[in-house]
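The values are calculated or read from the model by the stated rules, or taken from the named source; none is laboratory data. Everything quoted here is computed from the prediction, not taken from an experiment. Note that each Cβ is placed from the backbone with ideal geometry, even for glycine, and that neighbours are counted across all protein chains shown. Just the protein is used for accessible areas: all its heavy atoms, side chains included, with ligands, DNA and RNA removed. Shrake-Rupley method; radii C 1.70, N 1.55, O 1.52, S 1.80 Å.
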Amino acid sequence: MFFISLSSAAQTLTGTLKNGTTNKPAAGDEVVLIKLGQGMDEAGRTQADSKGNFSFKLEDPGPHLIRAIHDGVTYHRMAPPGTSSLELEVYDVAKKLDSISVTADVMRFQADGDQLQGIRLFAVNNSSDPPRTQMNDLNFEFYLPDGAEIDQSMAKTAGGQPINSAPVPQKEKNRYAFVFPLRPGETEFQVGFHLPYKGELSIDPKSLYPAQHFVVMLPQTMQFAAGKGATFQSMKDPQQADTTVQVVSNVQMGQPLSFKISGTGSLTARESGPQAASPAGGEQQPAMGGRDARPGGGLGPPIDAPDPLEKYRYYILGGFAAVLAAGAIYMAKRPAPAMPGDFAPSDMETPKTSPLRSATPIDRSSMLLEALKEEIFQLEVERKQGHISQPEYEKAKAALDQTLERALKRKAGS
């Protein structure tokens, strides 16, 4: 009777929604309980009371996902088995915030024969005060070189995992927009692409936002020439002597950033050190370890010796680039994957030959669950806004269910 009592008590999940913009309870917000079992099924739905409190009676002790909807934007919190209470923070939404800035805008290139392969990485900061989420149909815009074909595009929220997110082409040629919420803190984007190459190419990135640093990275076997009015500074990466790094700091909107590249070559990966410096300069965290041998692979952590890139190395060479940049050039050599509307389970898996599979000491099933919550957000928002038909919605949801089932089987098998 004692253990039955404990089991019964563990099946009640209580929580609190807090509005991080007003520092008040998020009264009246809709809260959804999603059961993560053999599928992703809605197991309950309620509204937060006047104090922001909510509760669900759990039918089984398995993992669940809590989704809160505030001003049309969803926020998620995992509830692992055994969780009895949790707090979830939401924010008011604004269509346009003046406090959106780019910490780092990084373009990486390599060329092989008649094809140029590249990635563009953005670290975008939302420093709104009070904190709010920016969300509109053109939430973050950028340009790609003329003739570029997108191979893979991803987004990553602070503390989350990279997920597939397709940028939307705009009326202006080569201009795209991510329709992805910019929540308070940092959001990171990556776009991998390829285009025809005749030995040289002029590129105009066109700065649309203020940026602390704009960076171009090339193999040392390729040549770089700044365009008219552009003021690049050459810097060295002590851990990759065969890489050319060109930097413009304190970039303003519309500032000239054009450049010309020529020649061929591949970006090589480097050995990761035993530790990676934290972005805040505090305690060091263990490195992901191993070596990413794919072309343009993610760079490892900084060495102990100081160098000119140290103050913003985290954004340029570590973190997001280590997880995502490695895959972009690799993906460029494969057939273009389906966009989120045609989401398939294979889109979220690391190839069996990937060094990330063997070198990264993480639970991939947990990563997958984290990524799935953002896919849920994209899918539900598109359905609510009428941007996706019911058959497309059901197809995508079935794919998500299949992906989750495979992840759970892998975890059980391990």
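Taking the range 135-154, which residues are within 17 Å of the chain's Cα centre (by Cα), closer than 21 Å to Tyr197 by Cβ and among the aliphatic types (A, V, I, L, M)? Correct list: Ile150 only.
Looking at Ser202, Ser234, just one residue is without any contact (Cβ under 8 Å) to a residue 40 or more places away in the chain and not in a loop (DSSP other than H, G, I, E, B), and that residue is Ser234. Within the range 79-101, restricting attention to residues that are β-branched (Val, Ile, Thr) and touching a Leu at 6+ places or on another chain (Cβ under 9 Å), the residue that is most open to solvent (accessible area, probe 1.4 Å) is Thr83.
Within the range 185-206, the residues that satisfy the criterion of being open to solvent by less than 20 Å² (accessible area, probe 1.4 Å) and under 21 Å from Ser249 (Cα atoms) are Thr187, Glu188, Phe189, Gln190, Ile203, Pro205.
Note on the range 173-196: residues that are in contact with a Ser or Thr (Cβ under 7 Å, 6 or more places away or on another chain) and free of Cβ contacts under 8 Å to residues at least 40 places away in the same chain total 1.
With respect to being of a type in the set (Gly, Ala, Ser), out of contact with any Phe, Trp or Tyr (no Cβ under 9 Å at 6 or more places or on another chain) and at pLDDT 90 or above, Ala9 falls outside the description. Within the range 56-70, the set of residues being at pLDDT 95 or above and either open to solvent by 20 Å² or more (accessible area, probe 1.4 Å) or outside any strand (DSSP E or B) (or both) comprises Ile69 only.
Table: residues versus (1) part of a strand (DSSP E or B); (2) in contact with a strand residue (DSSP E or B) (Cβ under 7 Å, 6 or more places away or on another chain); (3) within 13 Å of Phe189 (Cα to Cα); (4) hydrophobic (A, V, I, L, M, F, W, C).
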{"residue": "Gly118", "(1), (2), (3), (4)": "yes, yes, no, no"}
{"residue": "Phe122", "(1), (2), (3), (4)": "yes, yes, yes, yes"}
{"residue": "Asp129", "(1), (2), (3), (4)": "no, no, no, no"}
{"residue": "Glu141", "(1), (2), (3), (4)": "yes, yes, yes, no"}
{"residue": "Gln161", "(1), (2), (3), (4)": "no, no, yes, no"}
{"residue": "Lys173", "(1), (2), (3), (4)": "no, no, no, no"}
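Within the range 11-46, which residues are of a type in the set (S, T, N, Q), closer than 18 Å to Val93 by Cβ and part of a strand (DSSP E or B)? Reasoning before the result, please.
Taking the range 11-46 first, the residues of a type in the set (S, T, N, Q) are 11-12, 14, 16, 19, 21-23, 38, 46.
Remaining after also requiring closer than 18 Å to Val93 by Cβ: 19, 21-23.
Asn19, the sole residue that qualifies.
When Met135, Met107, Met154 are checked against the criterion of being under 23 Å from Ser262 (Cβ atoms) and open to solvent by less than 40 Å² (accessible area, probe 1.4 Å), a single residue qualifies: Met107. Within the range 72-94, can you find the residues that are assigned to a loop (DSSP other than H, G, I, E, B) and either in contact with a Gly (Cβ under 6 Å, 6 or more places away or on another chain) or at pLDDT below 95 (or both)? The answer is Gly72, Pro80, Pro81, Gly82, Thr83, Ser84, Tyr91.
The set of residues in the range 228-260 being among the small types (Gly, Ala, Ser) and open to solvent by less than 20 Å² (accessible area, probe 1.4 Å) consists of Ala230 alone. Residues in the range 216-229 that are part of a strand (DSSP E or B) and either over 19 Å from Thr264 (Cα atoms) or free of Cβ contacts under 8 Å to residues at least 60 places away in the same chain (or both): Gln223, Phe224, Ala225, Ala226.
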